[in-house]
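> I'd like to ask some things about the structure below.
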2 protein chains.
Amino acid sequence: MANDGLPRPDNGLTRRSLLVGIGAAGGAGAMYAAMGVLGLAPSKDTAPVRAVGVTPPPAQYVPPQRSDFSLRGGTPATVVVLGAGVAGLASAYELGKAGYDCTVLEARDRVGGRSLTLRGGDAVTELPALAAAGTTPAPGGTGETQRVSFGEGTYFNAGPARIAQWMVTLDYCRELGVPLEVFVNNNASAYVLTAGMSAPVRARTARADAYGYISELLAKATDEGALDAHLSHADKESLLDFLTQFGEIGPSRAYTGGERRGYRVNPGVAPGTELGAPPPLTEVLSQGLGRMLTMDAGYDQAMPMFQPVGGMDAIVSALARQVGAGRIRTGTRVTGITNRPEGVEVAIEGGAPLRADYCVAALPPHLLARIPGNLGADVKAALAAPVPLSAGKLGLEYGRRWWELEDRVYGGATETDLDVGHIWYPSHGFHSERGLVVGYYNMGQDAESYNALPHRERLRRALAQGHKVHGEKYGADLLASVSVAWRRQPHIEGAWVRWPSLGGFTVLQRPAGRVYFAGDWLTHLIAWQAGAFESARKVVTDLHHRVMKEG
Amino acid sequence: MANDGLPRPDNGLTRRSLLVGIGAAGGAGAMYAAMGVLGLAPSKDTAPVRAVGVTPPPAQYVPPQRSDFSLRGGTPATVVVLGAGVAGLASAYELGKAGYDCTVLEARDRVGGRSLTLRGGDAVTELPALAAAGTTPAPGGTGETQRVSFGEGTYFNAGPARIAQWMVTLDYCRELGVPLEVFVNNNASAYVLTAGMSAPVRARTARADAYGYISELLAKATDEGALDAHLSHADKESLLDFLTQFGEIGPSRAYTGGERRGYRVNPGVAPGTELGAPPPLTEVLSQGLGRMLTMDAGYDQAMPMFQPVGGMDAIVSALARQVGAGRIRTGTRVTGITNRPEGVEVAIEGGAPLRADYCVAALPPHLLARIPGNLGADVKAALAAPVPLSAGKLGLEYGRRWWELEDRVYGGATETDLDVGHIWYPSHGFHSERGLVVGYYNMGQDAESYNALPHRERLRRALAQGHKVHGEKYGADLLASVSVAWRRQPHIEGAWVRWPSLGGFTVLQRPAGRVYFAGDWLTHLIAWQAGAFESARKVVTDLHHRVMKEG
């Protein structure tokens, strides 16, 4: 999945791919049976589909509240939360609503985990390059440090960068007062460049040609009676009417281009000059446009998407403020997790161990798997099961927004099958002097090959690729750059994970003694902040129910 | 055009429809011949198409500058500009750069013309209802006055509301420092409702089903050899690969739905529940989705689009500031335009006539046609030729953003073939308490039937239509509303115009003596602010060249 170049960088492993991984091991039936036991599979007697397509909310999340204790007894417990990423912070935030005494331990020197927004003055230190793909970074070693020299106002969302409308992440933005703006996930004016093309074309042009020829072919087949076995007379009429509009084809059924392709000279006082006739059918078909033109067809990528104003870390910053700085200990590495009869003991590097009634372990599973303790062999095996995957991102700060001024591209992405994957243009700060372009966002083998390089080499290689789309100006006016190789980020060591089998996924939905596990990796929203939030809500609910019951 | 319900409300008459109107009278060949004389038609020997699809700028606009006079002689002239809409303000702004002494006369009590943004405290007075479609409003009469009671921060762009990336309007935003944000012109989560549907469906669902069945049909026809006359073996392979991705169809070629349709229960810790199987092919084909699914396929409607932060009138306000309040006389109705040997004399109601070296007449043509003077019979006939068209818009201020909270729709539009046309959700202020929904934006006969009603009746009717999409909540939490019928707006009297013949269009590109004509109606960008800007640039250039030549 990670190296197939699928245009879903934020969720290289979503539900579908999770299922694929699971299916390979046990088959979908086995998975559903297993999940049904845990109440995870959708019930057979779900509510009838409302034609209007409104998604009724699932069983409503009810955050723990102080009043729960006065009504039903018990007292808020102490909780040590491992990891100040989205899952950890959200857990502490939700537990805090009812007065739980939470302490959050974070090995890095900042909160947020993969929700990392870089600005001028930041430093990014990497682990040494991996000896080989799939190996574990050498412990204790240190690789290159990049100093970020962006100007005032420039930021780079090195991790998650966009939020879909339906995701719970938006609810947290509302609750926390994090202002939102549109993230342009698809731009008709941006470019497409595939191996089948001699030069990039605007997405609008590629789309018009693909839709036009598809419509021409289907209309011709319909006219020639080839679909008479499948279509009634009325169906054919409706289909031809649809194709006429969908492909902008005329009564002859031939696709000959049109204004949707774009203009060479824009209309104004004069009528403008259209781009002209499309390439021949054979050429368009050979361009491999299927992936490029469906990048926003999916449920999690459809336009519009959203981003917090000023940087994605506005969400984790707001969570951390709510939790309270005094409850978050950064620079604190966990070295042991031990269930005791009366609570959990968490050992940390260079300090006395912490004791709490419960623990929420919200670190990446491959890191948790390395921490000694007594969680049990099945839990240990489950934690070791998910495979951390590679992704990389490069931020390029330019002193001139040439993509707006010269290309008339305001936000969105150029989709390529080059090793850079996508080139993203900023969805904010339009018309300001500086702007940040994402020079690559790649995964799998593409990411691994870039990530093995020092930053300078990554930059050189990415600029050469971008030159194929934008020419000389891609190398000019460049002020600063920074790249992040997620497999080489200390205390993270992966962009997200893949589950090769179902077992561990289900095992870790339950606590190991007093230790609960939380993270996007325990949901069907892997690689999305929404997954971390959903997992945190589940764990908080489970833990609170237990406290309410056990007192 | 105006009554065909085409989903291009901002440009009911673009290049295409202008040509259609022209073609009906003289044929495209005649038009091109006529326009070639004026240098308006595209040259035969245009630059070769750049494969990259970058539109090279047309002959660059060079604004008049003070230094032009020191270099080439002459002195800045006095200019009286009729109309403080976009064309008039842009003309005065550009002429002002070189020191031209401009006075702008505006009959309304505010600048901006159709670029009208309404806020709490505004009043909207209409002319009496038209006796019949196509008639002229009774002069002097006054219809209903609406007092706008929106809360702080709520605004309603009653005229233009969106800007395409390629339009010159964005250059003026940059030059004038007007901040921009994304306008969501298409939202996969919004709804589609056609006469062929029993209930609205999400746009994503309608799109997935249409693309899925198209792909299924074309793949089957390809498999069955029906396209062997049109496709090589390699073409067929490429086509099937494309269709597999485009329609999300499997090896059996059957479209059976999938995650693109949407979820009944969103994925989270559990895998989520998809909406389920699509309706049968016949049902999808009968839904008339062609127009709905191509609303943003056109060059002028493609995503992303843009809007000024805080209201569209930020542009005209910035222009007016640059021109200078002292140079703009609102509440000043022009009653005569007379060419004299030494200049132009403009008579106004209740005041002494103004004299200037030149005049830029930037009023709607149907209003100019009524003003006495000595412009000549051909000019008078040309001004009377364009037919003013109807459009109407209704703003609904709600006290609760139910579309975000319950429908998870953040911006964009529900497309219907109801008489309301579109229902737009705000692209800004996400998660704030209040929000403004555009309850209708309709044209032609739909607009005329609404516009004939008092506001209360328009509102009642629109709410009943919106109820078909959104149910009870469409009538709840409504705080305030205002509607604008553009044919009934004093001193405007039309949404935009249609040219039934070419003659007048070409005649008015030239000055009538010392009187120049400017407006979107003299371009191939009718109904767009960009047209007004382009026309202003042309007129300013022509006028300045003349002054430079004549001294």
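The values are calculated or read from the model by the stated rules, or taken from the named source; none is laboratory data. No experiment lies behind these values; they were computed from the predicted model shown. Please note: Cβ atoms are built from the backbone with ideal geometry, for glycine as well, and neighbour counts cover all protein chains shown. We work out accessible area using only protein heavy atoms, side chains counted, and drop any ligands, DNA or RNA first. Shrake-Rupley method; radii C 1.70, N 1.55, O 1.52, S 1.80 Å.
> Given (1) surrounded by 19 or more Cβ atoms within 10 Å (Cβ to Cβ); (2) within 30 Å of B:ARG119 (Cα to Cα), identify the lone condition not met by B:LEU275.
Checking B:LEU275 against (1) surrounded by 19 or more Cβ atoms within 10 Å (Cβ to Cβ); (2) within 30 Å of B:ARG119 (Cα to Cα), the one that fails is (2).
> Taking the criterion of being part of a loop (DSSP other than H, G, I, E, B), in contact (Cβ under 8 Å) with a residue 12 or more places away in the chain and of a type in the set (Gly, Ala, Ser), would at least one residue in segment B:399-408 satisfy it?
yes
> Got a sec? Which of B:LEU289, B:LEU293 is within 30 Å of B:TYR213 (Cβ to Cβ), open to solvent by less than 20 Å² (accessible area, probe 1.4 Å), out of contact with any Cys (no Cβ under 9 Å at 6 or more places or on another chain) and modelled with pLDDT under 95?
Matching residue, one of B:LEU289, B:LEU293: B:LEU289.
> Check segment B:93-111 and report whether any residue there is buried (at least 22 other Cβ atoms within 10 Å of the Cβ), touching a strand residue (DSSP E or B) at 6+ places or on another chain (Cβ under 8 Å) and acidic (Asp, Glu).
Scanning segment B:93-111 turns up at least one residue that is buried (at least 22 other Cβ atoms within 10 Å of the Cβ), touching a strand residue (DSSP E or B) at 6+ places or on another chain (Cβ under 8 Å) and acidic (Asp, Glu).
> Moving on. Name the residue, out of A:ILE348, A:ILE315, that is β-branched (Val, Ile, Thr), surrounded by 21 or more Cβ atoms within 10 Å (Cβ to Cβ) and in contact with a Ser or Thr (Cβ under 8 Å, 6 or more places away or on another chain).
Working: A:ILE348 fails: surrounded by 21 or more Cβ atoms within 10 Å (Cβ to Cβ).
Just one listed residue meets the conditions, A:ILE315.
> Of the residues B:LEU502, B:LEU479, B:LEU543, only one is surrounded by fewer than 17 Cβ atoms within 10 Å (Cβ to Cβ) and on the phi < 0 side of the Ramachandran plot; which?
So the residue among B:LEU502, B:LEU479, B:LEU543 that is surrounded by fewer than 17 Cβ atoms within 10 Å (Cβ to Cβ) and on the phi < 0 side of the Ramachandran plot is B:LEU479.
> Let me ask you something else. Considering only segment A:500-519, state which residues are touching a strand residue (DSSP E or B) at 6+ places or on another chain (Cβ under 8 Å) and over 28 Å from A:GLU550 (Cα atoms).
A:PRO500
> Of everything in segment A:173-208, what is out of contact with any Lys or Arg (no Cβ under 7 Å at 6 or more places or on another chain), assigned to a helix (DSSP H, G or I) and buried (at least 24 other Cβ atoms within 10 Å of the Cβ)? Give them in sequence order.
Selection gives A:ALA203, A:ALA206.
> Within the group A:MET303, A:MET312, which residue is in contact with a strand residue (DSSP E or B) (Cβ under 6 Å, 6 or more places away or on another chain) and touching a residue at least 40 places away in the same chain (Cβ under 8 Å)?
A:MET312
> Can you give me the number of residues within segment B:240-280 that are more than 7 Å from chain A (Cβ to nearest Cβ) and aromatic (Phe, Trp, Tyr)?
1
> Can you name the residue in segment A:287-337 that is hydroxyl-bearing (Ser, Thr, Tyr) and closer than 18 Å to A:LEU354 by Cα and, of all such residues, is farthest from the chain's Cα centre (by Cα)?
A:THR335
> Take A:ALA361 and decide whether it is within 17 Å of A:GLY88 (Cβ to Cβ), in contact with a Phe, Trp or Tyr (Cβ under 8 Å, 6 or more places away or on another chain) and among the small types (Gly, Ala, Ser).
Values: within 17 Å of A:GLY88 (Cβ to Cβ): yes; in contact with a Phe, Trp or Tyr (Cβ under 8 Å, 6 or more places away or on another chain): yes; among the small types (Gly, Ala, Ser): yes.
Taking the combined requirement at face value, the residue satisfies it.
> Can you tell me how many residues within segment B:261-272 are closer than 19 Å to B:ALA190 by Cβ and open to solvent by 30 Å² or more (accessible area, probe 1.4 Å)?
Here the count works out to 2.
> Those residues that are of a type outside the set (A, V, I, L, M, F, W, C) and within 7 Å of another protein chain (Cβ to nearest Cβ), I need them from segment B:207-221; list them, please.
Passing the criteria: only B:LYS220.
> What residue, of B:PRO160, B:PRO139, B:PRO128, is modelled with pLDDT under 95, farther than 17 Å from B:ASN451 by Cα and not small (Gly, Ala, Ser)?
Only one candidate qualifies: B:PRO139.
> Tell me, which residue of segment B:138-172 that is part of a strand (DSSP E or B) and touching a Gly at 6+ places or on another chain (Cβ under 7 Å) is farthest from A:TYR263 (Cα to Cα)? Give the steps one after another, and end with the answer.
Going through segment B:138-172, the residues part of a strand (DSSP E or B) turn out to be B:145-147, B:155-157, B:163.
From the residues that got through so far, the ones that are touching a Gly at 6+ places or on another chain (Cβ under 7 Å) too are B:155-157.
Numbers: B:TYR155: 34, B:PHE156: 32, B:ASN157: 28 Å.
Once the filter is applied, the top-ranked residue is B:TYR155.
> On to the next question. Filter segment B:299-341 for residues that are of a type outside the set (Asp, Glu), touching a helix residue (DSSP H, G or I) at 6+ places or on another chain (Cβ under 6 Å) and at the interface with chain A (Cβ under 10 Å from one of its Cβ atoms) and give the result.
B:TYR299, B:ALA302
> Any chance segment A:99-108 includes a residue that's away from chain B (no Cβ under 14 Å), within 26 Å of A:SER481 (Cβ to Cβ) and part of a loop (DSSP other than H, G, I, E, B)?
yes
Yes/no matrix, rows are residues, columns are (1) within 21 Å of A:LEU389 (Cβ to Cβ); (2) within 12 Å of another protein chain (Cβ to nearest Cβ); (3) modelled with pLDDT of 95 or more:
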{"site": "A:VAL497", "(1), (2), (3)": "yes, no, yes"}
{"site": "A:PRO500", "(1), (2), (3)": "yes, no, no"}
{"site": "A:GLY504", "(1), (2), (3)": "yes, no, no"}
{"site": "A:GLY513", "(1), (2), (3)": "no, no, yes"}
{"site": "A:TYR516", "(1), (2), (3)": "no, no, yes"}
{"site": "A:GLY519", "(1), (2), (3)": "yes, yes, yes"}
{"site": "A:TRP528", "(1), (2), (3)": "yes, yes, yes"}
{"site": "A:ARG537", "(1), (2), (3)": "no, yes, yes"}
{"site": "A:MET548", "(1), (2), (3)": "no, no, no"}
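> In segment B:338-381, what count of residues is obtained for those that are under 31 Å from the mean Cα position of the chain (by Cα), in a strand (DSSP E or B) and within 21 Å of B:TRP521 (Cβ to Cβ)?
Total satisfying the criteria: 5.
> Here is a further query. For A:THR46, which of the numbered conditions (1) within 30 Å of A:GLY392 (Cβ to Cβ); (2) at pLDDT below 85; (3) within 14 Å of chain B (Cβ to nearest Cβ) fails to hold?
(1)
> Go over the candidates A:GLU224, A:GLU237 one by one and state the one that is more than 7 Å from every other protein chain (Cβ to nearest Cβ) and without any contact (Cβ under 8 Å) to a residue 40 or more places away in the chain.
A:GLU237
Conditions tested, residue by residue: (1) basic (Lys, Arg); (2) surrounded by 21 or more Cβ atoms within 10 Å (Cβ to Cβ); (3) away from chain B (no Cβ under 13 Å).
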position: A:TRP402; (1), (2), (3): no, no, no
position: A:VAL409; (1), (2), (3): no, yes, no
position: A:GLY412; (1), (2), (3): no, yes, no
position: A:VAL420; (1), (2), (3): no, yes, yes
position: A:ILE423; (1), (2), (3): no, yes, yes
position: A:TYR440; (1), (2), (3): no, yes, yes
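> May I pose another question? Mind listing whichever residues of segment B:474-502 are in a loop (DSSP other than H, G, I, E, B) and under 21 Å from B:GLN529 (Cβ atoms)?
From segment B:474-502, those in a loop (DSSP other than H, G, I, E, B) are B:475-477, B:489-496, B:499-502; that's our starting set.
The answer is B:GLN489, B:PRO490, B:HIS491, B:ILE492, B:GLU493, B:GLY494, B:ALA495, B:TRP496, B:TRP499.
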